[in-house]
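Trainee: Below you will find the structure I want to go over with you.
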Amino acid sequence: MSERVERVLLVEDDAGLRRLLAEELEDAGIDVYAVGSAEEALAQLSRTEPDLVISDIRLPGADGMELLERVRGIHAPPSFLVITAFGSIAQAVAALKAGADEFLTKPLDLEHFLLCVRRILDTRKLRGEVRRFRELLDDSSFHGMVGQSRPMRVLFDQIRQLAKASGPVLIIGESGTGKELVAKAVHEESDRAAGPFMAVNCAGIPAELLESEFFGHETGAFTGAAKARKGLFRQADGGSLFLDEIGEMPLALQAKLLRVLQEGSIRPVGSEKEVPVDVRIIAATNRDLDALRGDSDFREDLFFRLETFTLNVPPLREREDDLELLAARFLERFSAQMERRIQSFSSAALERLRAYGFPGNVRELQNAVERAVTFCHGGTIGVEHLPNRIQGSPEQLQASSSSLMEGLIDGPMLPTLEELEQRYIRHVLELVDGNKRRAAALLGIGRRTLYRRLGSEVED
């Protein structure tokens, strides 16, 4: 979509100067409505909506200051530039206090005049973009999540409904889709909102420490247990416990988790006493638990207990209407954090973002915007500030996205799930130039898990 041509209403009673300024503005690609009096200007304002009014102060009939006062009373008024041959500090102060954006004196330097006009128009455009982004964000935020697309509206409704239930919730979604935000929203919408919300990544804790981390332990329960520990279930008592990457949980611990769901009590490591707990389990995974169940890697009884209330988080590629909203939210956040005065994206940068497939979903978009803010030193994010993989032409990006699965599934035989996982991990590593920390973040797994799946040791 082409951008709307900017419009200027020029009010100057000197016919020669009016023609000269109008020609200069038109040569700069601006639509110009040129009139010779305040009365004609007001009549023109009733028919058009200019972005900027340029007016002399000395005019026949009503003067420029009276015109400025009338213009400021318009809903969403245009910007205003005052010019006069009778410039004085007093007039300048009066005009600026009355709402003028700039004050120039005659004789005009045409180059300086055009630069001033361009600065006012660009500032107005940026303010409009910021206002539009903020209005969209205000209307589309739900417990920290941003979305107005149909899939997200459905998800928000489901969260409100499931939050009122008491059973465990299973959140399914690709890496980087924001499953923890969904879990927090379920907690905050429920009658447990006043209680604690505890989160743990099941893939980020060594298997031998998981039981103690979950259920706590008594003093001396094992080597190194110098003092008793409550554990996550007791810390989350009266609230919610979020178990991320539950597909990575060892089978032995899955059995104990199922017992907690059924009995409502735990037994700390080294204790013979049951401790009652009141905790709602919210679990999340980017893996196919049904397939893991079929392979005996996930307990069938636990799977059926968890899947009663299931939430599916849509990937970013199914949320095209939300991409600009999310980009605006991240731009606002990182600009504030880095103390930058960046207010918007260029139309070309937005086009590149829309064309890219974002296999890393919202997390990848967040990282891309953070990088762009880091390298941008002006007021607008351009294509050159985006990661290289996003800067490619839309045609190249579309071809790359469509060939992704062909690249992963090549040869006459279909790969096993393990082989496909290895190929996808290698593909993500290529996207981030071998940065394993970055790849782990995009894949939604811990760095140790990434190294384990690659069959290599964790580097310092």
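Trainee: Could you list, in sequence order, the residues of the range 332-381 that are on the phi > 0 side of the Ramachandran plot and either not assigned by TED's automatic domain parsing to the domain that holds GLU421 or not polar (S, T, N, Q) (or both)?
Mentor: Once the filter is applied, which keeps residues that are on the phi > 0 side of the Ramachandran plot and either not assigned by TED's automatic domain parsing to the domain that holds GLU421 or not polar (S, T, N, Q) (or both), the range 332-381 yields GLU339, PHE358.
Trainee: Given the criteria of a type in the set (A, V, I, L, M) and surrounded by fewer than 14 Cβ atoms within 10 Å (Cβ to Cβ), does ALA183 qualify?
Mentor: Numbers: of a type in the set (A, V, I, L, M): yes; surrounded by fewer than 14 Cβ atoms within 10 Å (Cβ to Cβ): no.
No.
Trainee: Across the range 150-168, what is the total count of residues that are of a type in the set (Val, Ile, Thr), surrounded by fewer than 16 Cβ atoms within 10 Å (Cβ to Cβ) and within 16 Å of SER240 (Cα to Cα)?
Mentor: Residues that pass the stated criteria total 0.
Trainee: Still on this structure, please answer the following. Mind listing just one residue for me: the one in the range 41-67 that is crowded, with 17+ Cβ neighbours inside 10 Å and closer than 16 Å to ALA15 by Cα and, of those, nearest to the chain's Cα centre (by Cα)?
Mentor: Filtering the range 41-67 for residues that are crowded, with 17+ Cβ neighbours inside 10 Å and closer than 16 Å to ALA15 by Cα, the one nearest to the chain's Cα centre (by Cα) comes out as ILE54.
Trainee: Exactly one of these conditions fails for VAL362: (1) hydrophobic (A, V, I, L, M, F, W, C); (2) surrounded by 22 or more Cβ atoms within 10 Å (Cβ to Cβ); (3) out of contact with any Gly (no Cβ under 9 Å at 6 or more places or on another chain). Give me its number.
Mentor: For VAL362, the exception is condition (3).
Trainee: List the number of the failed condition for PRO206; all other conditions in (1) without any contact (Cβ under 8 Å) to a residue 40 or more places away in the chain; (2) of a type outside the set (Gly, Ala, Ser); (3) in contact with a strand residue (DSSP E or B) (Cβ under 6 Å, 6 or more places away or on another chain) hold.
Mentor: Every listed condition holds for PRO206 apart from (3).
Trainee: Considering each residue of the range 145-185, count those that are touching a strand residue (DSSP E or B) at 6+ places or on another chain (Cβ under 8 Å), part of a helix (DSSP H, G or I) and either closer than 30 Å to VAL277 by Cβ or of a type in the set (Ser, Thr, Tyr) (or both), and give that number.
Mentor: Total meeting the criteria: 12.
Trainee: Going by what's in this entry, would PHE345 be described as within 25 Å of THR123 (Cβ to Cβ), surrounded by 15 or more Cβ atoms within 10 Å (Cβ to Cβ), of a type in the set (Phe, Trp, Tyr) and within 16 Å of the chain's Cα centre (by Cα)?
Mentor: Yes.
Trainee: Kindly indicate the residue of the range 375-399 that is assigned to a helix (DSSP H, G or I) and surrounded by 15 or more Cβ atoms within 10 Å (Cβ to Cβ) and also modelled with the lowest pLDDT among those meeting that condition.
Mentor: From the range 375-399, those assigned to a helix (DSSP H, G or I) are 375, 383-385, 388-391, 394-399; that's our starting set.
Narrowing the set further to residues that are surrounded by 15 or more Cβ atoms within 10 Å (Cβ to Cβ) leaves 383, 385, 389-391, 397.
Details: VAL383: 90, HIS385: 92, ARG389: 86, ILE390: 89, GLN391: 86, LEU397: 44.
Across the range 375-399, the extreme among qualifying residues is LEU397.
Trainee: Could you please give the count of residues in the range 276-299 that are in a loop (DSSP other than H, G, I, E, B) and out of contact with any Ser or Thr (no Cβ under 6 Å at 6 or more places or on another chain)?
Mentor: Number of matching residues: 10.
Trainee: Condition first: modelled with pLDDT of 90 or more and among the acidic types (Asp, Glu). Now tell me which residues in the range 185-232 satisfy that.
Mentor: GLU188, GLU189, ASP191
Trainee: Select from the range 220-275 the residues that are in a helix (DSSP H, G or I) and closer than 17 Å to GLU208 by Cβ and list them in ascending order.
Mentor: Matches in the range 220-275: LEU232, GLU248, LEU251, ALA252, LEU253, GLN254, ALA255, LYS256, LEU257.
Trainee: Give just the number: which of (1) loosely packed, with under 15 Cβ neighbours inside 10 Å; (2) farther than 18 Å from ASP122 by Cα; (3) small (Gly, Ala, Ser) does ALA76 not satisfy?
Mentor: If we test ALA76 against (1) loosely packed, with under 15 Cβ neighbours inside 10 Å; (2) farther than 18 Å from ASP122 by Cα; (3) small (Gly, Ala, Ser), just (2) comes out false.
Trainee: On the basis of being out of contact with any Leu (no Cβ under 7 Å at 6 or more places or on another chain) and hydroxyl-bearing (Ser, Thr, Tyr), does SER175 make the cut?
Mentor: Judged against the criteria, SER175 is not a match.
Trainee: A further question follows. Could you tell me whether VAL71 is buried (at least 17 other Cβ atoms within 10 Å of the Cβ), under 40 Å from the mean Cα position of the chain (by Cα) and farther than 19 Å from ASP122 by Cβ?
Mentor: When the stated conditions are applied, VAL71 passes them.
The values are calculated or read from the model by the stated rules, or taken from the named source; none is laboratory data. Treat the numbers as computed from the prediction; the structure is a model and nothing was measured. Please note: Cβ atoms are built from the backbone with ideal geometry, for glycine as well, and neighbour counts cover all protein chains shown.
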